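The values are calculated or read from the model by the stated rules, or taken from the named source; none is laboratory data. Given the structure is predicted, the values throughout are model-derived calculations rather than measurements. Using ideal geometry, Cβ is built from the backbone for each residue, glycine included, and neighbour counts are taken over all protein chains shown.
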């Protein structure tokens, strides 16, 4: 068996998701985390010790001067994805960037165009592309197994603002920044809305042509502020969406969905069948209603395991065809997020996408 090309990877930002990235990459043969960057020296030092990372830097520019790496996992907060990723692309580095790709379509578009022009491997970490049920459902739709899509309903439900399963949101920075637009957060819309939009439209295989949305921020603390964090980012979102073939559906997401820790579900209905795609309590499952539709019977569909985003990124670095999700996809989704914000500002007026 041919030896795999070695990959030297740097992790930019060493907060919570950096651990997920690092542990996933360290399981892939031939991949070595050679450097990490964080402005917080104590956090950086602990990260290096935990994962045996030899080089640590306080700034991205210092890391680029140090060199010695081929690709980067960008796990910085949303608000600096654009500036850091553009610096990396212009320095000739391949990038896997956390979602959302940027905080505006204009920036996401520039990032995608730059990545396309350079030919560098680029991916946005839409985590739920790793779910077997989602990938197999997309294959079934593409194969015509449920006919023409006519209607769908999708949800992404969390409840970390009602219980402490993942930590104390009111005292821990890793949660508080997600509630503050000043700290780069786009709220539940940018944090998990992007996931459920990808979940639904990737399976449907159709672009979004119209969005009507409402966003809601709930009172959570005296003065709606905790320390430096102004708690103004949206907590719940509902959207009505039209797809490129005229199909319509609803998408909603919330951090106040009591009874759900981290659950995604898509029900998608076609002219000759329907699918129910679930990722609930970390379990992937797919159900289909096909065949004799008069019986309205649903059966469970077996789904094969799929490569993770991390594995696909490394495979692309080693010369295999790029399977995405690319920055181009990240820009497409950002256009929907921007339209949702514009719609909410106009009390739910429908916004047409180009």
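Tabulated results
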item: Qualifying residues in the range 63-77 (those that are in a helix (DSSP H, G or I) and out of contact with any strand residue (DSSP E or B) (no Cβ under 8 Å at 6 or more places or on another chain)) - the one nearest to residue 8 (Cα to Cα); result: 64
item: Odd one out for residue 146 among (1) outside any helix (DSSP H, G or I); (2) buried (at least 22 other Cβ atoms within 10 Å of the Cβ); result: (2)
item: Residue pairs meeting the criteria (Cβ under 9 Å; at least 6 apart or on separate chains; first more than 19 Å from residue 67 (Cα to Cα) and assigned by TED's automatic domain parsing to the domain that holds residue 69, in the range 33-44; second crowded, with 23+ Cβ neighbours inside 10 Å and at pLDDT 95 or above); result: 40/14; 43/14
item: Matching residues, the range 84-113, being assigned to a helix (DSSP H, G or I) and farther than 23 Å from residue 197 by Cβ; result: 84, 86, 87, 88, 89, 90
item: Residue 151, sole failed condition from (1) loosely packed, with under 15 Cβ neighbours inside 10 Å; (2) in contact with a helix residue (DSSP H, G or I) (Cβ under 8 Å, 6 or more places away or on another chain); (3) assigned to a strand (DSSP E or B); result: (2)
item: Test: residue in the range 266-287 that is surrounded by 18 or more Cβ atoms within 10 Å (Cβ to Cβ), in a helix (DSSP H, G or I) and within 22 Å of the chain's Cα centre (by Cα); result: no
item: Selection status of residue 162, out of contact with any strand residue (DSSP E or B) (no Cβ under 6 Å at 6 or more places or on another chain), crowded, with 19+ Cβ neighbours inside 10 Å and not in a helix (DSSP H, G or I); result: no
item: Residue in the range 91-100 that is buried (at least 23 other Cβ atoms within 10 Å of the Cβ), over 24 Å from residue 31 (Cα atoms) and in the same structural domain as residue 30 (by TED's automatic domain parsing) present; result: yes
item: Candidates 203, 192, filtered to the one that is modelled with pLDDT under 95 and either under 21 Å from residue 267 (Cβ atoms) or in contact with a strand residue (DSSP E or B) (Cβ under 8 Å, 6 or more places away or on another chain) (or both); result: 192
item: Evaluation of residue 157 against (1) farther than 27 Å from residue 257 by Cα; (2) in contact with a strand residue (DSSP E or B) (Cβ under 6 Å, 6 or more places away or on another chain) (one fails), failing number; result: (1)
item: Index of the failed condition, residue 332 passing every other in (1) surrounded by fewer than 20 Cβ atoms within 10 Å (Cβ to Cβ); (2) touching a residue at least 60 places away in the same chain (Cβ under 8 Å); (3) in a helix (DSSP H, G or I); result: (1)
